[in-house]
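For reference, the structure discussed in these notes is given below.
The values are calculated or read from the model by the stated rules, or taken from the named source; none is laboratory data. As the structure is a computational prediction, the values presented were derived from the model and not from experiment. Using ideal geometry, Cβ is built from the backbone for each residue, glycine included, and neighbour counts are taken over all protein chains shown.
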Amino acid sequence: MVDFERLVSGGIQKLRPYLPGKPIEVLVREMGAREIRLEPANIIKLASNENPLGPSGQVIGAIQQALPKLGLYPDGSGFLLKSDLARHLSILPEQITLGNGSNELLDILARTFLEPGDLALYAQFAFDIYSLVVQAAGAQGIVVKAKDWGHDLEAFALALETLSKPPKMIFLANPNNPTGTWFDLDALTALLEATPLETIVVLDEAYSEYITLPTYPDGLSLLGRYPNLVVTRTFSKAYGLAGLRVGYAVSHPQIAGLLNRVRPPFNVNSLALTAARAALEDEAHLKKSVQLNAHGLRQLEMGLSQLELGFIPSVANFITVDVGREAVPVYEQLLHEGIIVRPLAAYDMPNHLRISVGLEKDNARLLEALQRVLLNT
Ligand SMILES: *Cc1c(COP(=O)(O)O)cnc(C)c1O
């Protein structure tokens with residue numbers, strides 16, 4: 001028997017798969033096997049930061065109209081969506097790269113710029129995908145210590161001074177998942193000033209639509225001054241299209257040209273292209289989603305405080321809670337109650353659970369169940 005492990009590069013050998021939130025149908029199957037009956041309709045998933053309202057009605061209508069054309073390949077250039085995004089964001093279509101979720105763009109960015117021997121920087125507790133794409137590309141990831149669970153951009157600047165050579169890439173999440181922490185415009189600008197232009201800075205803004213704080217930076221406004229900056233965004237979170245997989249990167253046109261060479265030709269399917277355009281149009285749905293989230297976040301903060309649990313202040317659509325004990329048993333007890341959240345042991349946060357903001361009644365049910373479970377674990 002051939003040992004196929006030996007055939008792959010060292011980076012791939014050491015790769016461990018990303019652990020996603022448990023899908024509802026998987027929970028039903030697992031509990032069913034143990035003869036614990038859970039009705040799918042009674043299960044709430046607060047584990048993957050999805051929009052509890054789902055997609056807008058206009059999106060569903062647009063998808064229905066597009067269904068008869070499923071026999072045709074999508075427009076591989078994404079011309080119409082890029083035109084709409086350009087208008088919407090006051091950028092040029094040439095600056096945009098479309099991805100099968102922004103996750104794919106992070107992978108394309110790493111494969112475009114990183115070679116074995118290159119260095120890439122990301123923060124402790126940063127979104128797990130950064131370390132995975134860096135490793136898959138055979139490059140070396142360097143972790144910059146967090147401060148109060150968040151990115152410490154001054155520590156990034158210090159790392160730039162002390163490394164043996166400039167990193168090829170820096171990955172920043174604003175806000176970060178799984179901590180919900182964010183950094184302001186001054187901190188970001190200071191780091192960009194300290195970064196050589198030969199270092200690509202990826203600014204992951206997967207949750208930017210939720211944030212209304214005046215000092216929260218709009219990465220797009222910095223692209224003119226910093227041609228090495230790449231901003232990634234997604235339709236998965238505030239726009240409620242996680243199941244369709246569509247995201248985009250905005251960058252200098254030359255970088256976009258490179259990414260578009262590496263990008264698979266039909267990476268965004270025709271329903272996703274159509275849906276994303278309709279989602280951009282429906283500003284009322286976006287506004288409603290953002291408001292619902294703000295209320296839900298306050299509801300969870302208040303409820304968690306009443307349970308005397310510590311949490312990391314979040315500006316995103318989830319909140320990360322210190323349950324004051326090993327979190328996996330709490331997570332498992334919540335599963336028995338039909339509530340899926342996310343344990344963070346993989347992030348070296350063994351006592352934390354990440355809870356996505358749901359509908360008001362779902363947040364209430366989570367808080368009640370959590371109280372019960374904490375009494376019993
Ligand atoms: C959810 C998320 C993404 C990627 O989402 P896609 O569905 O692939 O667009 C990227 N970055 C962060 C920080 C996220 O939390």
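For segment 247-272, filtering for residues that are part of a helix (DSSP H, G or I) and under 18 Å from Q95 (Cβ atoms) leaves 10.
Yes or no: A110 crowded, with 17+ Cβ neighbours inside 10 Å and out of contact with any Ser or Thr (no Cβ under 7 Å at 6 or more places or on another chain)? So A110 fits the description; yes.
V231 falls short on exactly one of the conditions (1) over 19 Å from E104 (Cβ atoms); (2) crowded, with 18+ Cβ neighbours inside 10 Å; (3) free of Cβ contacts under 8 Å to residues at least 40 places away in the same chain; (4) in contact with a helix residue (DSSP H, G or I) (Cβ under 6 Å, 6 or more places away or on another chain), and that condition is (1).
Can you find, within segment 102-141, the residue that is nearest to the ligand (Cβ to nearest atom) among those that are out of contact with any strand residue (DSSP E or B) (no Cβ under 8 Å at 6 or more places or on another chain) and small (G, A, S)? The residue in question is A136. Among the residues of segment 295-308, those identified as of a type outside the set (S, T, N, Q) and in contact (Cβ under 8 Å) with a residue 24 or more places away in the chain are H295, G296, L297, L300, G303, L304, L307.
Of the numbered conditions (1) in contact with a Pro (Cβ under 7 Å, 6 or more places away or on another chain); (2) within 16 Å of the ligand (Cβ to nearest atom); (3) assigned to a loop (DSSP other than H, G, I, E, B); (4) more than 30 Å from P343 (Cβ to Cβ), G240 satisfies every one except a single condition; which is it? If we test G240 against (1) in contact with a Pro (Cβ under 7 Å, 6 or more places away or on another chain); (2) within 16 Å of the ligand (Cβ to nearest atom); (3) assigned to a loop (DSSP other than H, G, I, E, B); (4) more than 30 Å from P343 (Cβ to Cβ), just (4) comes out false.
So is L220 modelled with pLDDT of 95 or more, more than 29 Å from A345 (Cβ to Cβ) and either hydrophobic (A, V, I, L, M, F, W, C) or away from the ligand (no atom under 16 Å from the Cβ) (or both) or not? Please lay out each step first, then the result.
Values: modelled with pLDDT of 95 or more: yes; more than 29 Å from A345 (Cβ to Cβ): yes; either hydrophobic (A, V, I, L, M, F, W, C) or away from the ligand (no atom under 16 Å from the Cβ) (or both): yes.
Yes.
In segment 138-159, the qualifying residues are those that are buried (at least 22 other Cβ atoms within 10 Å of the Cβ) and more than 20 Å from the chain's Cα centre (by Cα), and the one that is nearest to P175 (Cα to Cα) is F156.
Of the residues I200, I170, I211, which single one is within 17 Å of the chain's Cα centre (by Cα) and more than 28 Å from L286 (Cα to Cα)? Walk me through how you get there before you give the answer.
Values: I200 fails: within 17 Å of the chain's Cα centre (by Cα); I211 fails: more than 28 Å from L286 (Cα to Cα).
Exactly one residue qualifies, and that residue is I170.
The one condition from (1) in contact (Cβ under 8 Å) with a residue 40 or more places away in the chain; (2) surrounded by fewer than 18 Cβ atoms within 10 Å (Cβ to Cβ); (3) in contact with a strand residue (DSSP E or B) (Cβ under 9 Å, 6 or more places away or on another chain); (4) under 18 Å from S48 (Cα atoms) that R365 does not meet is (2). For segment 258-267, the condition of being surrounded by fewer than 18 Cβ atoms within 10 Å (Cβ to Cβ) and within 16 Å of the ligand (Cβ to nearest atom) holds for at least one residue. Residue count for segment 275-311 satisfying the condition of being of a type in the set (K, R) and closer than 30 Å to D75 by Cα: 2. Taken together, I91, I60, I44 contain a single residue that is loosely packed, with under 14 Cβ neighbours inside 10 Å, β-branched (V, I, T) and over 19 Å from the mean Cα position of the chain (by Cα), which is I60.
Only one of the numbered conditions (1) surrounded by 17 or more Cβ atoms within 10 Å (Cβ to Cβ); (2) over 19 Å from E198 (Cβ atoms); (3) more than 16 Å from the ligand (Cβ to nearest atom) is not met by G76, and that is (1).
Scanning segment 325-373 for residues that are at pLDDT below 95, assigned to a helix (DSSP H, G or I) and over 28 Å from I129 (Cβ atoms) turns up just one, H336. Scanning segment 274-323 for residues that are in contact with a His (Cβ under 7 Å, 6 or more places away or on another chain) and in a helix (DSSP H, G or I) returns a single hit, L280. Go through the residues of segment 142-152 one by one and say whether even a single one is within 13 Å of the ligand (Cβ to nearest atom) and aromatic (F, W, Y). No, segment 142-152 contains no residue that is within 13 Å of the ligand (Cβ to nearest atom) and aromatic (F, W, Y). Candidates in segment 160-179 are the residues that are among the hydrophobic types (A, V, I, L, M, F, W, C) and buried (at least 22 other Cβ atoms within 10 Å of the Cβ); of these, the one that is nearest to R233 (Cα to Cα) is A173.
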